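Structure record follows, encoded as structure tokens.
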């Protein structure tokens, strides 16, 4: 039994190191959009980029879902208020979605659609119209990545694995003492 467990752990760890060695997928620029050069969308905030577009939420998320693929990608939908914690406290938001790559990092996609702004009364939304370089846009998309380095990934994974093995060992020794 112990040999089988050791062989399983060795193969599992080889696969895990192979997964962790591959960096996050490259995040392409949003198609059918204009890259923002407004403050906060370029170098002021680390790993942030902004785009003005007329794409719908479904089209934006479908684009990123197609381009951020991986074997363990998890997609989460957060309340728009969380974007103030994740990106910047002055950001406007209609939706916030996250693509998590376990032990590798996360990519947050914040969308602001001025026509559907839930924080503004419908009759006052026109004041939030998105005009950039003389053109009107339906929404502004802000993308923020939280990447990790390879040493951080390995420490996080093997630390978690050791913790799980310690919990299993403690539980097993507890059961043998109470039998």
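The values are calculated or read from the model by the stated rules, or taken from the named source; none is laboratory data. The structure displayed is predicted, hence computed values, not measured ones. Quick reminder, even Gly has a Cβ in these numbers, built from the backbone with ideal geometry, and neighbours come from all protein chains shown.
Of note:
- Residue within the stretch 4-25 that is free of Cβ contacts under 8 Å to residues at least 12 places away in the same chain, more than 26 Å from residue 136 (Cβ to Cβ) and within 15 Å of the chain's Cα centre (by Cα) present: no
- Residue among 126, 141 that alone is at pLDDT 90 or above and either under 30 Å from residue 54 (Cα atoms) or part of a loop (DSSP other than H, G, I, E, B) (or both): 141
- Odd one out for residue 69 among (1) exposed (fewer than 15 other Cβ atoms within 10 Å of the Cβ); (2) in contact with a strand residue (DSSP E or B) (Cβ under 7 Å, 6 or more places away or on another chain); (3) farther than 21 Å from residue 116 by Cα: (2)
- Subset tally (residues that are loosely packed, with under 15 Cβ neighbours inside 10 Å, in a helix (DSSP H, G or I) and without any contact (Cβ under 8 Å) to a residue 60 or more places away in the chain) for the stretch 144-157: 3
- Residue ID - modelled with the lowest pLDDT, chosen from residues in the stretch 15-44 that are over 30 Å from residue 134 (Cβ atoms) and loosely packed, with under 10 Cβ neighbours inside 10 Å: 26
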